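To keep things clear, I will list the structure first and then write my remarks on it.
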Amino acid sequence: MKDIKSYVNQHKDRFIAELIELLKIPSVSADSAYGNDILKTADAVKNALEKAGCDKVEICETPGNPIVYGEKIIDKKLPIILVYGHYDVQPADPIELWDSPPFEPVIKKTEIHPDGAIFARGACDDKGQMYMHVKALEYMVSTNQLPCNVKFMIEGEEEIGSVSLAWFVERNHQKLANDIILISDTGMISNSQPSITTGLRGLSYVEVEVTGPNRDLHSGLYGGAVANPINILAKMIASLHDENNRVTIPGFYDNVADLSKEERTEMAKAPFSLDDYKKALDIEEVYGENGYTTNERNSIRPTLDVNGIWGGYIGEGAKTVIASKAHAKISMRLVPNQDWQEITELFKKHFENIAPKSVKVKVIPHHGGQGYVTPIDTIGYKAASKAYQESFGVAPIPQRSGGSIPIVALFEKELKSKTILMGFGLDSDAIHSPNEHFGVFNYLKGIETIPLFYKYFVEMS
Ligand code: BES
Ligand code: MN
Ligand code: MN
């Protein structure tokens with residue numbers, strides 16, 4: 001693959017232009033108002049896969065958003081790589097915090113991305129990273145260098161829990177049979193120090209509702225005499241962590257797989273500057289579970305965070321009122337051996353337990369999934385490592401991520417295959433935030449690295 005660099009160089013303007021077209025379609029899965037755009041995006045992905053050289057591409061209907069499936073089978077005796085990605089994106093709000101409209105992509109230089117970055121919702125998560133695989137396929141097919149069989153499965157519900165994908169995977173074992181699953185939907189340490197994601201956290205996402213009196217009340221006439229659900233909810237939430245910032249739910253840590261001293265020492269070798277970290281976030285001090293470093297807190301330790309809290313009067317001016325209800329959305333990031341359904345159950349029991357008699361509480365579980373760790377003594381990991389070494393000129397470091405892609409554990413359970421997480425985003429790319437972007441360097445490097453993975457994986461198989 002001597003010519004991959006020159007192929008990317010020759011076609012890079014078109015690669016960027018095509019991605020920009022895809023980013024213009026607002027495929028927000030959380031909001032049904034974008035249903036039509038979801039279908040339009042699925043169609044655009046289908047066309048792109050056909051153009052890139054897939055022999056068979058189909059839009060697979062599900063109870064929810066469609067899944068785009070494509071394949072190119074060149075020889076049944078050769079390995080099969082299954083590429084997974086998602087074409088849906090997070091909602092763009094708060095829209096007023098974007099410097100340019102989220103679905104009108106622009107390229108701007110930043111300190112970290114001197115070659116420019118594409119700013120748009122989904123640029124990094126995951127349209128940009130998913131599209132690298134489409135362009136890598138184009139290169140391999142058009143230059144007659146595809147070394148094995150390939151299947152693509154691009155879904156439209158990752159950001160809302162992949163419910164229909166689970167349904168689809170359970171029903172299509174044969175169709176999806178593979179030797180390895182390849183995903184670019186994570187990040188790496190920096191553009192000069194690539195890393196391969198070797199772990200993802202699990203997730204349990206719940207919503208809680210606290211009800212006090214049966215209607216909103218005058219806070220003068222009733223204040224002090226009845227439970228204020230917002231006060232109570234705040235108290236209950238505060239009690240979910242102790243003075244060491246550990247989660248207080250009984251049994252929460254019972255199954256947590258602790259890392260050995262050696263593993264922690266190994267982890268601490270990854271380049272990281274606490275000062276830069278604080279500076280980038282404009283915070284004076286970091287925060288978290290006592291006894292662990294920042295990188296441990298955000299990857300190998302489980303956490304509990306309120307993602308949203310509401311209730312009462314939030315309009316202009318002041319209204320004196322005791323609301324009848326208060327609400328919060330809470331996520332728990334889980335680590336290997338914590339079962340998300342068990343944790344959800346523990347949360348529910350505990351939350352109901354700590355509620356005073358003066359209120360009623362409801363716990364509504366949303367979605368969740370298991371965590372995942374990839375071994376590094378596999379052909380898949382070694383092939384990926386060799387590919388990065390060649391394209392970046394630097395050996396990649398294995399790194400566990402704090403994010404979640406719940407479907408990865410399900411792939412292992414249903415399809416019995418391992419996943420390699422070749423992510424090319426950076427933590428600073430603002431995924432799920434205003435001004436999400438993806439470095440042009442990262443996009444092109446990804447396209448360059450993926451065919452090398454195919455090559456080495458097939459050579460080592
Ligand atoms: N691509 C992200 C997950 C991710 C990002 C993992 C960066 C590692 C590094 C994915 O789209 C995502 O946002 N997942 C959700 C979970 C999902 C069930 C909504 C998450 O992690 O919050
Ligand atoms: Mn993603
Ligand atoms: Mn995401």
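The values are calculated or read from the model by the stated rules, or taken from the named source; none is laboratory data. Treat the numbers as computed from the prediction; the structure is a model and nothing was measured. Note that each Cβ is placed from the backbone with ideal geometry, even for glycine, and that neighbours are counted across all protein chains shown. Keep in mind that these areas ignore ligands, DNA and RNA; they rest on the heavy atoms of the full protein, side chains included. Shrake-Rupley method; radii C 1.70, N 1.55, O 1.52, S 1.80 Å.
Taking the stretch 124-147 as the search range and keeping residues that are within 16 Å of ligand 2 (Cβ to nearest atom) and in a loop (DSSP other than H, G, I, E, B), which one is nearest to Lys72 (Cα to Cα)?
By that ranking, first place goes to Asp126.
Could you check how many residues of the stretch 167-185 are more than 15 Å from the chain's Cα centre (by Cα) and either part of a loop (DSSP other than H, G, I, E, B) or modelled with pLDDT under 95 (or both)?
Final tally of qualifying residues: 8.
If the requirement is being farther than 22 Å from Ile407 by Cα and within 16 Å of ligand 1 (Cβ to nearest atom), which of these qualifies: Asp125, Asp93, Asp37, Asp115? Explain how you work it out, then say what you get.
Values: Asp125 fails: farther than 22 Å from Ile407 by Cα; Asp37 fails: within 16 Å of ligand 1 (Cβ to nearest atom); Asp115 fails: within 16 Å of ligand 1 (Cβ to nearest atom).
The match here is Asp93.
Each row is one residue, and each column tells you yes or no for (1) surrounded by 22 or more Cβ atoms within 10 Å (Cβ to Cβ); (2) within 28 Å of Ala257 (Cβ to Cβ).
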| position | (1), (2) |
| --- | --- |
| Glu104 | no, no |
| Asp115 | no, no |
| Ile118 | yes, no |
| Cys124 | yes, no |
| Val134 | yes, no |
| Gly161 | no, yes |
| Leu165 | yes, yes |
| Ile189 | no, yes |
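Scan the stretch 7-40 for residues that are farther than 16 Å from Met132 by Cβ and either touching a helix residue (DSSP H, G or I) at 6+ places or on another chain (Cβ under 7 Å) or not assigned by TED's automatic domain parsing to the domain that holds Val440 (or both) and report the count.
Selection size over the stretch 7-40: 6.
Please enumerate the residues belonging to the stretch 363-398 that are part of a strand (DSSP E or B) and either surrounded by fewer than 23 Cβ atoms within 10 Å (Cβ to Cβ) or among the aromatic types (Phe, Trp, Tyr) (or both). Can you show your working first?
Here is the first cut: in the stretch 363-398, the residues part of a strand (DSSP E or B) are 363-369, 372-373, 397-398.
Passing the criteria: Val363, Ile364, Pro365, His366, His367, Gly368, Tyr372, Val373, Ile397, Pro398.
Is it the case that the stretch 63-79 has a residue that's surrounded by 19 or more Cβ atoms within 10 Å (Cβ to Cβ), at pLDDT 95 or above, in the same structural domain as Asn9 (by TED's automatic domain parsing) and within 20 Å of Asn442 (Cβ to Cβ)?
No, the stretch 63-79 contains no residue that is surrounded by 19 or more Cβ atoms within 10 Å (Cβ to Cβ), at pLDDT 95 or above, in the same structural domain as Asn9 (by TED's automatic domain parsing) and within 20 Å of Asn442 (Cβ to Cβ).
Might you check whether a residue that is in a loop (DSSP other than H, G, I, E, B), outside the structural domain of Leu165 (by TED's automatic domain parsing) and either hydroxyl-bearing (Ser, Thr, Tyr) or farther than 26 Å from Glu158 by Cα (or both) occurs anywhere in the stretch 322-344? Lay out the reasoning, then the answer.
Going residue by residue through the stretch 322-344, those that are in a loop (DSSP other than H, G, I, E, B) are 323-324, 335-339.
Remaining after also requiring outside the structural domain of Leu165 (by TED's automatic domain parsing): 323-324, 335-339.
In the following step, the residues that additionally are either hydroxyl-bearing (Ser, Thr, Tyr) or farther than 26 Å from Glu158 by Cα (or both) were identified as 323-324.
Yes, because at least one residue in the stretch 322-344 is in a loop (DSSP other than H, G, I, E, B), outside the structural domain of Leu165 (by TED's automatic domain parsing) and either hydroxyl-bearing (Ser, Thr, Tyr) or farther than 26 Å from Glu158 by Cα (or both).
Quick one: is Ser184 within 16 Å of ligand 3 (Cβ to nearest atom), of a type in the set (S, T, N, Q), open to solvent by less than 60 Å² (accessible area, probe 1.4 Å) and in contact (Cβ under 8 Å) with a residue 40 or more places away in the chain?
In short, yes.
Return the pairs, sorted by first residue and then second, in which the second residue is among the polar types (S, T, N, Q), the first residue lies in the stretch 276-289 and is touching a residue at least 24 places away in the same chain (Cβ under 8 Å), the beta carbons are less than 6 Å apart, and the residues are 6+ apart or on different chains.
Gly288/Asn245; Glu289/Asn245
Just the residues that are buried (at least 17 other Cβ atoms within 10 Å of the Cβ) and within 16 Å of ligand 1 (Cβ to nearest atom), please, taken from the stretch 197-216.
Thr197, Thr198, Gly199, Leu200, Arg201, Gly202, Leu203, Ser204, Tyr205, Val206
Just wondering, is there one or more residues in the stretch 396-404 that are under 30 Å from Thr143 (Cβ atoms) and either more than 16 Å from ligand 3 (Cβ to nearest atom) or not hydrophobic (A, V, I, L, M, F, W, C) (or both)?
Within the stretch 396-404 (the criterion being under 30 Å from Thr143 (Cβ atoms) and either more than 16 Å from ligand 3 (Cβ to nearest atom) or not hydrophobic (A, V, I, L, M, F, W, C) (or both)), the answer is yes, since at least one residue qualifies.
So which residues in the stretch 96-131 are under 25 Å from Lys5 (Cβ atoms), within 16 Å of ligand 3 (Cβ to nearest atom) and not small (Gly, Ala, Ser)?
Cys124, Asp126, Lys127, Gln129, Met130, Tyr131 - these are the residues of the stretch 96-131 that are under 25 Å from Lys5 (Cβ atoms), within 16 Å of ligand 3 (Cβ to nearest atom) and not small (Gly, Ala, Ser).
Taking into account only those residues within the stretch 399-437 that are part of a loop (DSSP other than H, G, I, E, B) and of a type in the set (A, V, I, L, M, F, W, C), which is most open to solvent (accessible area, probe 1.4 Å)?
Result: Ile431.
Using the structure shown, decide if Ser385 is within 16 Å of ligand 2 (Cβ to nearest atom), closer than 30 Å to Lys109 by Cα and polar (S, T, N, Q). Give the derivation first.
Values: within 16 Å of ligand 2 (Cβ to nearest atom): no; closer than 30 Å to Lys109 by Cα: yes; polar (S, T, N, Q): yes.
Against the criterion (within 16 Å of ligand 2 (Cβ to nearest atom), closer than 30 Å to Lys109 by Cα and polar (S, T, N, Q)), Ser385 does not qualify.
Quick one: Arg171 ticks every box in (1) open to solvent by 60 Å² or more (accessible area, probe 1.4 Å); (2) within 16 Å of ligand 3 (Cβ to nearest atom) except a single one, so which number is it?
(2)
Only one of Ile237, Ile249 is assigned by TED's automatic domain parsing to the domain that holds Leu334 and either in contact with a His (Cβ under 9 Å, 6 or more places away or on another chain) or under 17 Å from Asn337 (Cβ atoms) (or both); which?
Going through Ile237, Ile249 in turn, the sole match is Ile249.
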